[in-house]
Number of protein chains: 4
Amino acid sequence: MRGNSFGKMFSLTSFGESHGPAMGVVLDGVPSGLKFSLDDLQSELDRRAPGKIAGTTSRIENDVAEILSGIFEGQTLGTPIAVIIRNTNQKSSDYDKIKNDHRPGHADRTVEMKYGIRDHRGGGRASGRETVARVVAGYFAGLIIPKVEVKAFVSCLGPFEFKVIPKDIYENFAPYSFPDTSKNEEIKNYLEDLQKNGESIGGRVRIVVDHCPVGLGEPAFDKLKADFAKALLSIGAVVSFSYGLGEEMAVTLGSEVSKTLSSFGGMEGGISNGDRMLMTITFKPTSTVGEKAKEGRHDPCIIPRAIPVVEAMVKVVLADHYLRQNAYSIK
Amino acid sequence: MRGNSFGKMFSLTSFGESHGPAMGVVLDGVPSGLKFSLDDLQSELDRRAPGKIAGTTSRIENDVAEILSGIFEGQTLGTPIAVIIRNTNQKSSDYDKIKNDHRPGHADRTVEMKYGIRDHRGGGRASGRETVARVVAGYFAGLIIPKVEVKAFVSCLGPFEFKVIPKDIYENFAPYSFPDTSKNEEIKNYLEDLQKNGESIGGRVRIVVDHCPVGLGEPAFDKLKADFAKALLSIGAVVSFSYGLGEEMAVTLGSEVSKTLSSFGGMEGGISNGDRMLMTITFKPTSTVGEKAKEGRHDPCIIPRAIPVVEAMVKVVLADHYLRQNAYSIK
Amino acid sequence: MRGNSFGKMFSLTSFGESHGPAMGVVLDGVPSGLKFSLDDLQSELDRRAPGKIAGTTSRIENDVAEILSGIFEGQTLGTPIAVIIRNTNQKSSDYDKIKNDHRPGHADRTVEMKYGIRDHRGGGRASGRETVARVVAGYFAGLIIPKVEVKAFVSCLGPFEFKVIPKDIYENFAPYSFPDTSKNEEIKNYLEDLQKNGESIGGRVRIVVDHCPVGLGEPAFDKLKADFAKALLSIGAVVSFSYGLGEEMAVTLGSEVSKTLSSFGGMEGGISNGDRMLMTITFKPTSTVGEKAKEGRHDPCIIPRAIPVVEAMVKVVLADHYLRQNAYSIK
Amino acid sequence: MRGNSFGKMFSLTSFGESHGPAMGVVLDGVPSGLKFSLDDLQSELDRRAPGKIAGTTSRIENDVAEILSGIFEGQTLGTPIAVIIRNTNQKSSDYDKIKNDHRPGHADRTVEMKYGIRDHRGGGRASGRETVARVVAGYFAGLIIPKVEVKAFVSCLGPFEFKVIPKDIYENFAPYSFPDTSKNEEIKNYLEDLQKNGESIGGRVRIVVDHCPVGLGEPAFDKLKADFAKALLSIGAVVSFSYGLGEEMAVTLGSEVSKTLSSFGGMEGGISNGDRMLMTITFKPTSTVGEKAKEGRHDPCIIPRAIPVVEAMVKVVLADHYLRQNAYSIK
């Protein structure tokens, strides 16, 4: 009830502080008999890892997944799957000077007000490191809905903008997940300049879901759009969610909107209609700015690293709703 | 698990189809000994009722709250509070012609695909009538957090826009909830024209929360922003949610954002910081357009009527988190 | 979270005080397209009704089920099903004298201590009337698992005891649910004597489940036996639960126990194994004794009336676990 | 939803198979600022460990608790607390011969039927090793309700019986938890004989709770007695639960029962009344009998080792209900 679990039939329970011994996650509700590959899971974690993208943080975090339960001879057992990732790189001394330093927009101050105690060595639970748990969950969610394709890409990174859905949506837009890869050099320079100046920037991510089964999502409170919104807003830096036409809907006539189903982003009445889904979220700039940001342990822009986290949360929602809908298919 | 309940320590379970015998709600987790006023509850329902706002639907719905349990001698008992509102105005014959008529963007088609059966006489569970349950819940949520003020207003209604937070935020902006009431005549004419043309329009609603206690919201998945997003996106026509600077965050430098706490909309790390909260949501235009819309039983713009629903959902989230936080305050 | 809901995929939320306007229940998670019969539902309620069994309470309660939602043209819609039963017979004046009268073993005193307020006109939520909600839920649970047969009977009623499982288990043992119906006259005289003397008695109920699918029940905390125990102990007067050999297991050697599968009451490791299930529960005597009991509004023995409630709770657990298991059967 | 979590405001999520890398538990809802002692936690685990009690299994399991999160500088952070215990002693080869060997009354067969796959090296999730998670949870539950005293003792171990509540209830009755410690030598001989003969025995455990606050437990489904029953029946070998007078209630007149409050075991209407609580549970004999049992890796009687598990589950229920009741105490 402290909010560290998400999902109903497929649920993840996340734990770990950034500077404690380990991050981890327990996945309950993974059906038995699904084929598991540690390599595939590790690949997902590697996509999120820092230090690999120019202009993002230079810390090397060794995010090595260790399976503690729920897997036997390469298959899921149907029992809870626990995965931990050791925190190997925490140099606590680096953080002592920020003990009483509360970054605006970050949880430092509110966590202290809420609990009366805080692991001041880092972000604690509010650290971006918590998202490794989500990436692990996304991998297992993917095993439940193997035919559904979920792809996120950066549509806006400060001054760089990509306004349409790329045709080659399933291409690899590494390292920035920006579809116009001819801009990669420019983006790199831009991010390096930000870092030199102790500055940070946010951006926007669009999410495309193809081949989602019809009928997922529950009327009233657990509409698919509502659960997507919650899942994505539960990511630290996300400040907005929209689907389909989004904010433009406010100024578009009903007749216009109704002309094309894609206006509705693949959901009608909060239930998937089988069409391509489309969602957009906004990330705020990293909270660490100024002198501390210049030290180079913080990303001036976290969005490229957040892409696998975003995809994971969308998969988690879909896998959960898939099992829920399946429960009621009795004959 | 069919998604008709919301909230954990303070929960509402909603039921009823628009053309069945009654709509209703069961509220569990209302503390005992709170003073109850049927008049106050009825006033909240009346704010939502159609037929009272020029340019909105002319159907008269008699939304009379009937208390079935949980109240005794003007006080809450601490037991579940059940409230029903009879559906008195359903003329099923009017709806027969739309039996196989699936409005784009509405749940008609997806509900049928999901369940294989649908109460075709109206929107069923997907009808806007379902929101009476939420308004009732909002009233009781307000009893739990009496000092918190929640105010929603229309910031955009098609071409009409109000870009700032009005100073006199707690004024009554009836009937359109648009703060520049000098525009009321213009809005009335605009809405009447829409209706004549079988057209509809959406808009934007901003939500202000004052005097929220510090420390509400749970790190990881039940961040306050995440629960607000879910609560608001669970309202039928809502297509976007943002808080603080919202989508602008994508193109604002970190140093700018950090200059003023209001950028963060009263939440840091997903936890309330005691500042004024600010959220914005977008409503899509009503799904009924064309000839059916001209018949006059449908609102060309539902936003003014949605205001009490929006306020109710925000209060529900706050009351739930208030009780959750209270649970852990042991000494 | 106030404990008025039970079940996960198939859940019931119960409401109502014995002397308020109505009792009721909301059922969420009933699959769509199941055939509904109001007559069948009403029959279940009539089995529980007082005033029909000699030696049980003479109050006539008109427990008429009113469907508020979730049913359309004789079928379930897949939406929440709300059913209310009006409280027509409450003569509050009769109860005024017991305002400060706390019956030992009854909730009167503890409810007052817990909430600081109580509907003193009757048992409030703690009244046996609350169980009408469970009987309604049991009816719908039965629609989900139509092939599973659940039968409860009285194995002990004070001095009357029936030690084996009757061969003709699915016979009607009306009115006392005691399999040796040749004792009915004796039981009637015994109960009438108890009432004359302001006395009450408890008893034991055995539950037989046939044709339960294999594989229901979840390892760890939601073992089938654990959920049965919770469901049955949640009935007001129940003070013990056992399954299979029960308390005898304490003094039986392992080799003996293992000789016959029926020792385990149809469950191994908390999971149904397809064999006949067998459970036993104990009811304490009615709390009202002495002068008040002589007035004749209270049953000297509630067990015969509790039989449909017991069967209902067992069905609720089975329907819930059936849907849960079904959720994970993906191909 | 796979049943590996228990509790609402204070919840434990358990994971691990007996022959996988580790057992573990995540505790969510532990308030912040509570003093933590690794030594105290380890002591609780040691009470459960095998190999220390003559006549119980001779395997040495090194149950060393490793804290992964939620503790900082000797205090709880209010974040989820993850604890793992490595499985160091699993010699898989020993178990190969029992791959297709299904012990009656054990989960071997039903787990295989349910999931279609099983970790045949041992009991998997159904192993008694799973209970280490519960003992860890019990330790933290105790931090939440430090004034409540929970004591379990063996009231029946095959032919040995102790019929009353001992006056010196908080004494240490090691090693068998049987209050008449003058029988220890006899019990030892009895258990050794059982083992020689490949035989096993069950027993009964009584649980005493003192100083429980008034008002815990929720009417309707989450009555304290119902949650105790579920918690205790979720322990593998437990086959019955009763409280207060228990099964005797069936044959005791209402006037007798009402004479003394202790008849009701400290609960009225499912709510704690402040009196001493009294519950009794039955354990079935260990499932492993015959030649395999003679090999000496299995306990002929698990009850002495189960005592800390029983106490833990009772504390978990009480801590959860304590926080729930606290949530609703608003002023």
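Just a few scattered comments:
- These residues, D:ILE307, C:ILE71, go from largest to smallest accessible area, 1.4 Å probe, as C:ILE71, D:ILE307.
- Total accessible surface hidden between C and D, rounded to 100 Å², 1.4 Å probe: 7000
- Whole-Hz ³J(HN,Hα) from phi, Karplus 6.51 cos²θ - 1.76 cosθ + 1.60, for region D:251-262, glycine and proline x: 10, 10, 5, x, 5, 5, 4, 6, 4, 10, 4, 5
- Around A:GLY203: net Lys/Arg minus Asp/Glu count, Cβ-Cβ under 11 Å: +1
- Positive end of the dipole of chain D (Cβ unit charges, origin at the Cα centre): among D:GLY3, D:LEU34, D:PRO166, the Cα lying farthest that way belongs to D:GLY3.
- Choice from B:ALA22, B:ALA250, B:ALA237 showing the highest fluctuation, given a GNM over chain B with Cα pairs closer than 10 Å: B:ALA250
- With a 1.4 Å probe rolled over the protein heavy atoms of all chains, the accessible area of B:ARG86, A:ARG305 falls in the order B:ARG86, A:ARG305, largest first.
- Placing a label point 7 Å from the Cα of B:GLU295 along the Cα-to-Cβ direction, the distances to the matching points in the other copies come to 5.7, 6.8, 7.6 nm, shortest first.
- Annotation: per residue accessible area for region C:5-327 equals 31 Å², rounded to a whole number [probe 1.4 Å, protein chains only].
- Solvent-accessible area of C:MET1 with every protein chain in place, 1.4 Å probe, in Å² to the nearest 10: 30
- Solvent-accessible area of A:PHE140 with every protein chain in place, 1.4 Å probe, in Å² to the nearest 10: 0
- Inter-probe distance in nm under a simple model that places probes 7 Å from Cα toward Cβ, at C:ASP168 and B:ASP168: 8.3
- Check: the protein assembly as shown dipole with +1 on Lys, Arg Cβ and -1 on Asp, Glu Cβ, in debye: 0
- Helical runs (DSSP H, four residues minimum) scored at -39500 (n - 2.57) apiece and divided by the length of the protein assembly as shown put the mean residue ellipticity at 222 nm at -8500 deg cm²/dmol.
- Shielded residues, region B:246-261 - accessible-area loss of 30 Å² or more between chain alone and all protein chains, probe 1.4 Å: B:GLU247, B:MET249, B:ALA250, B:VAL251, B:LEU253, B:GLY254, B:SER255, B:SER258
- Distances from D:GLY74 to itself in the other copies, using label points 7 Å out along the Cα-Cβ axis, amount to 5.1, 5.4, 7.4 nm in increasing order.
- Put the Cα centre of region D:111-167 next to the Cα centre of region C:280-311 and the gap is 34 Å.
- Among residues of chain D, the one whose beta-carbon sits closest to the D-to-B rotation axis is listed with its distance in Å as D:ALA327, 2.
- For A:SER69, the residues whose modelled amide H falls within less than 5 Å of its own, excluding neighbours fewer than 5 places apart on the same chain, are A:ALA82.
- Note, ³J(HN,Hα) from phi for region B:65-74, Karplus 6.51, -1.76, 1.60, rounded to Hz, x at Gly and Pro: 6, 10, 8, 9, 6, x, 10, 8, 6, x
- A 1.4 Å probe over all protein chains sorts C:GLU311, B:GLU186 by accessible area into B:GLU186, C:GLU311, starting with the largest.
- Surface composition of chain D: carbon plus sulfur atoms hold 49% of the accessible area, using a 1.4 angstrom probe and ignoring ligands, DNA and RNA.
- Residues whose placed amide H lies under 5 Å from that of A:SER200, excluding near-sequence neighbours: B:GLY254, B:SER255
- Of the cross-linked pairs B:LYS230/B:LYS315; A:LYS315/B:LYS114; B:LYS223/B:LYS315; A:LYS8/A:LYS315, those separated by over 18 Å at the C-alpha level are A:LYS315/B:LYS114.
- Here the calculated FRET efficiency for B:GLU186 and B:LYS259, from their Cβ-Cβ distance with R0 = 56 Å, stands at 0.95, rounded to the nearest 0.05.
- Relative to the other identical copies, D:ASN172 shows label-point distances of 6.2, 6.4, 7.3 nm, where the label point lies 7 Å from Cα along the Cβ direction and values run shortest first.
- Panel values: region C:5-327, Kirkwood radius from alpha carbon pairs, Stokes-Einstein at 20 °C and 1.002 mPa s, translational diffusion coefficient 104 µm²/s.
- Prolate/oblate/rounded call for region C:117-192, Cα gyration tensor, a/c under 1.5 rounded: oblate
- GNM result for chain B, Cα springs below 10 Å: residue of B:ASP101, B:ASP275, B:ASP180 fluctuating most strongly: B:ASP101
- Dipole magnitude for region D:5-327: about 500 debye, using +1 per Lys or Arg Cβ and -1 per Asp or Glu Cβ, origin at the Cα centre.
- On the basis of the beta-carbon distance and an R0 of 41 Å, B:HIS211 and B:VAL64 show a calculated FRET efficiency of 0.80.
- Global form of region A:190-251, assessed from the alpha-carbon gyration tensor, a/c cut-off 1.5: prolate
- Eigen-decomposition of the gyration tensor built on the alpha-carbon atoms of the protein assembly as shown gives equivalent ellipsoid semi-axes of 50, 39, 27 angstrom, largest listed first.
- 3J(HN,Hα) from dihedral phi, region C:298-315, Karplus parametrisation 6.51/-1.76/1.60, rounded to Hz, x for glycine, proline: 10, 6, x, 8, 8, 4, x, 6, 7, 3, x, 5, 4, 4, 4, 5, 5, 5
- Partner lysines for B:LYS188 [C-alpha distance under 18 Å; skip if fewer than 8 residues away on the same chain]: B:LYS52, B:LYS196, B:LYS294
The values are calculated or read from the model by the stated rules, or taken from the named source; none is laboratory data. These numbers come from a predicted model, not from an experiment. Reconstructed Cβ throughout: ideal geometry from the backbone, glycine too, with neighbour counts over all protein chains shown. SASA here: full protein model, heavy atoms, side chains in, ligands and nucleic acids out. Shrake-Rupley method; radii C 1.70, N 1.55, O 1.52, S 1.80 Å.
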